[in-house]
Amino acid sequence: MPKEKTMKIIELNEDLILNNERLAAENKQLFRKHKIRSFDIVGAIGAGKTALIEALVEILSKEKRILVLNGDVTTRVDADRIEKHGVKTIQINTGRECALNSYHISQVIKNQDLGKYDIVFIENVGNLICPSDFILGAEKRICVVSITEGEWVIEKHPMLFKMSDIAVINKIDLLDVVDVNIDKMVKDAKIINPNLKIIKTSAITGEGIPELTKRLF
Ligand SMILES: Nc1nc2c(ncn2[C@@H]2O[C@H](COP(=O)(O)OP(=O)(O)OP(=O)(O)O)[C@@H](O)[C@H]2O)c(=O)[nH]1
Ligand SMILES: [Mg+2]
């Protein structure tokens with residue numbers, strides 16, 4: 001019996017993607033108009049997105065005015081963690097959605113006095129697949145993985161790394177206790193996207209955080 005053809009369902013999503021891109025372009029324009037540096041931080045659940053933002057705002061908030069938008073399915077745990085560092089946060093709960101989209105961002109930023117901020121960090125919902133379909137209009141995308149996700153995590157998720165500007169490999173303080181080949185992770189990232197800036201960090205010890213801070217500007 002001949003094999004059934006794979007169904008092509010991509011076309012169904014085309015309107016959705018185009019509308020998202022249109023709104024993302026509007027968001028980008030609004031950030032630019034207010035001279036805001038904006039960053040979309042994506043990555044797997046628990047890779048350390050919030051911990052890295054905490055480390056970054058600790059350094060950057062001395063000189064810059066920062067707004068953090070936290071995407072999460074139901075809680076405001078991450079926003080509460082970041083607020084402890086004295087910066088303004090807005091929690092966005094996506095409900096059943098596995099990623100933020102540009103509509104979420106436009107609804108939030110249209111009601112903000114953006115003149116009050118120099119930097120906007122957007123923490124996406126923890127997921128290495130869904131965010132690749134939905135750009136948000138941020139100036140740069142930072143993709144975070146950690147060594148505890150295994151050395152294949154980058155190779156298995158090429159889309160997100162293709163669409164990112166910076167790749168962070170986090171939790172390097174655990175290199176002695178995790179059986180992982182970090183050189184393979186770096187090599188995979190370079191093959192997928194030769195323009196990617198790759199930074200190894202530990203949000204716990206602070207290693208690599210100054211380099212990440214520099215790469216934002
Ligand atoms: N050892 C170690 N632990 C880390 C590091 N970064 C984060 N963690 C820990 O990993 C866990 C998850 O970190 P989060 O910052 O919440 O990760 P996240 O990516 O924001 O997670 P979600 O928002 O739930 O997707 C926490 O217990 C952190 O303390 C790191 O560099 N080293
Ligand atoms: Mg988080």
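Please treat every number below as a calculation from the coordinates, not as lab data. Quick caveat: nothing in here was measured; it's all calculated off a predicted structure. Cβ sites come from the backbone with ideal geometry, for glycine too, and all protein chains shown count toward neighbours.
Lys/Arg Cβ at +1, Asp/Glu Cβ at -1, dipole of the chain taken about the Cα centre: which of Thr201, Thr94, Ile142 is farthest positive-ward?
Result: Ile142.
Taking θ as phi - 60°, what are the ³J(HN,Hα) couplings along segment 193-200 by the Karplus curve (6.51, -1.76, 1.60), each to the nearest whole Hz, with x for Gly and Pro?
Per residue, the Karplus-derived 3J(HN,Hα) values read 8, x, 8, 5, 8, 10, 10, 9 Hz.
Give the calculated FRET efficiency between Thr205 and Cys98 to the nearest 0.05, with a Förster radius of 45 Å applied to their Cβ-Cβ distance.
Given R0 = 45 Å and the Cβ-Cβ separation, E is 0.90.
At 7 Å along the Cα-to-beta-carbon direction for both Asn13 and Lys140, put a label point, then send me their distance in nm to one decimal.
Simple spin-label model gives 2.7 nm for this pair.
So who's got an amide H within less than 5 Å of the one on Ser146, skipping anything under 5 residues away but keeping other chains? H placed 1.01 Å off N, in plane.
Asn170
Report the equivalent ellipsoid semi-axes for segment 13-215 in whole Å, largest first, defined as the square roots of five times the eigenvalues of the gyration tensor built from alpha carbon atoms.
In descending order, the three semi-axes are 26, 20, 15 Å.
Can you tell me the relative contact order of the chain? Whole percent, Cα pairs under 8 Å, sequence separation 6 or more.
After rounding, I find 24 percent.
What spacing in nm lies between the two simple spin-label points modelled at Ile182 and Thr148, each 7 Å away from Cα in the Cβ direction?
1.5 nm
Need one number: nm distance between label points at Lys33 and Glu155, each 7 Å from Cα along Cα→Cβ, rounded to one decimal.
That separation, rounded to one decimal, is 4.7 nm.
Suppose the chain between Arg76 and Gln107 were pulled fully straight at 0.36 nm per residue; how much longer would it get relative to their current alpha carbon spacing?
The span from Arg76 to Gln107 would gain 9.4 nm if fully extended.
Can you list which of the chymotrypsin sites (Phe, Trp or Tyr not before Pro) found in segment 120-162 are DSSP loop residues with at most 14 other C-beta atoms within 10 Å?
Trp152
Got a sec? How would Lys33, Lys64 order by Cβ neighbour count within 10 Å, fewest to most?
So the residues, fewest neighbours to most, are Lys33, Lys64.
For the chain, what is the charge dipole size about the Cα centre, in debye to the nearest 20, if Lys and Arg each add +1 at the Cβ and Asp and Glu each add -1 at the Cβ?
700 debye
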